């Protein structure tokens, strides 16, 4: 362990998130801060002082727009050094950053820009701005748009629209060295929009203290070193990546490399050889599925040897955790690790000392396999409203079935119906422009209602259910199915609707069609309404998905139905699919349509 060295920046010295950056630059000016891939030159590096010089230029350019402290500025970029640079420049002026998802609908981004009254927007290219501008129309915000990537199309737009400038023209060549301001730790730092129950997102207000305290709290559970290499691939607009993969490494002085894309993640793992990754379960599920698919093509002895390695590794893990005794299989673990496990983990770079999974439940078989192979995989739990981490498993007290232990200083309370309530310095200030929503989840004395039902055992938190019927996709996005179902059912073609997707990467729907409208629709598309096969016609399915997409126009981009199953049999009290109060018995519907549901997710990759 002699090669690992700690250099943590105390919160009281940083005070604010921009103060944290300046403190890091002073401490580690020549150490590598960020790595990113350039199209023509391969992987490039930025030291802390080089990053600071870029921040200073953006700071000067932003100052030229005469902003007032507390003004909102938005970022619509993929993960890259410019995301960090713009964020730090804005924070250093007391501005509030509003991150936007690059894959979200333009309508959703436009709503956020108006709701937060965003003065300035940084966007990647002309194409993205063109799509967004069409939706914005004559909306008052933003008043300034900076396009990062110069191109003929961008220059044409800038020449025609006085709001638009190209970053390379807008930025000064040089700027004075950054000086740490005397900022208020309790001031608003960012507004992060999360899906709401009406289909419109809610803006979670987080202060500098909220996020700094959360990053520091995480570092009390697990060590992070200057020599660590993080690979950043979850969107920085997601608080899990922003706190865990941006501010936390900055606090520790570690290096962050920005992955090129999810499609190139395997290659980037080999190039960067990260020591730490933070991911949603879907990433681990994909690797797990790939391993299983490859095993199917291997001879029986190879499959047996793999299972033996996992079993031996799991026994060893339990023994090291103090939760299992000695077993003869453990004698084989050193050999099996070298011959089997190390070859599998080499595909993840071969240097991982910590892998954190959060944002959604981690399937037990996936956790069992990776931990059995020797990967230190830790499951965590949190909410955007808690900046976001509430708990995660320590390396030496890792119970994969749990979501870990609460961060130091965070108070927990079990409320009515076993709901978890939390209180601490990482709990949000409230929802932007939404006092009613704030009052529903945040008590006057600071307790946040999580909506999750839990039990506590030996200091660990176990999630047992949710008070609200919220679907958590495998990428961590939370979707309220009742709101989607209500919107879809507004179309007269659909009598009854159930939306599914818990633990999957996309949403699907079970739909009962209007029996009166079905014959006309079928005949219109050359189908026989009396034949059951007509309901499974591919062209009809595309039409249905198009109508659903139209019905969900106002919902976030990830709330998209990708597959649907149609039926003419109504759900009723008589067939056991409705309660006496006419509510759908979801569990019974799932059972009735088990085969159809499995078919809709049969190509889930």
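The values are calculated or read from the model by the stated rules, or taken from the named source; none is laboratory data. In this text, all values refer to a predicted model and were calculated from it rather than measured experimentally. For neighbour counting, all protein chains shown are included, and Cβ atoms are generated from backbone atoms with ideal geometry for every residue, glycine included.
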Counted residues in segment 532-554 being crowded, with 17+ Cβ neighbours inside 10 Å and farther than 21 Å from residue 495 by Cβ come to 0
Considering residues that are assigned to a helix (DSSP H, G or I), farther than 21 Å from residue 43 by Cβ and within 17 Å of the chain's Cα centre (by Cα), the number found within segment 226-257 is 7
Determine which member of the set 223, 186 is outside any helix (DSSP H, G or I), surrounded by fewer than 23 Cβ atoms within 10 Å (Cβ to Cβ) and without any contact (Cβ under 8 Å) to a residue 24 or more places away in the chain.
186
For residue 357, work out the one condition from (1) surrounded by 17 or more Cβ atoms within 10 Å (Cβ to Cβ); (2) out of contact with any helix residue (DSSP H, G or I) (no Cβ under 6 Å at 6 or more places or on another chain); (3) under 18 Å from residue 240 (Cβ atoms) it doesn't fulfil.
(2)
Would you point out which residue out of 154, 167 is farther than 27 Å from residue 70 by Cβ and either assigned by TED's automatic domain parsing to the domain that holds residue 77 or in contact (Cβ under 8 Å) with a residue 12 or more places away in the chain (or both)?
154
Of 64, 42, 70, which residue is surrounded by fewer than 21 Cβ atoms within 10 Å (Cβ to Cβ), assigned by TED's automatic domain parsing to the domain that holds residue 131 and at pLDDT below 95?
42
Out of the helices (runs of 4 or more DSSP H) lying entirely within segment 463-551, which hold 2 or more residues that are closer than 26 Å to residue 420 by Cα and within 34 Å of the chain's Cα centre (by Cα)?
481-488
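Residue-by-condition table, conditions (1) buried (at least 16 other Cβ atoms within 10 Å of the Cβ); (2) in contact with a helix residue (DSSP H, G or I) (Cβ under 6 Å, 6 or more places away or on another chain); (3) in contact (Cβ under 8 Å) with a residue 60 or more places away in the chain; (4) not assigned by TED's automatic domain parsing to the domain that holds residue 236:
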site	(1), (2), (3), (4)
6	no, no, yes, yes
33	yes, yes, yes, no
101	yes, no, yes, no
118	yes, no, no, no
Residue list for segment 258-288, filter: over 17 Å from residue 360 (Cα atoms), assigned to a helix (DSSP H, G or I) and touching a helix residue (DSSP H, G or I) at 6+ places or on another chain (Cβ under 9 Å):
265, 266, 269, 270
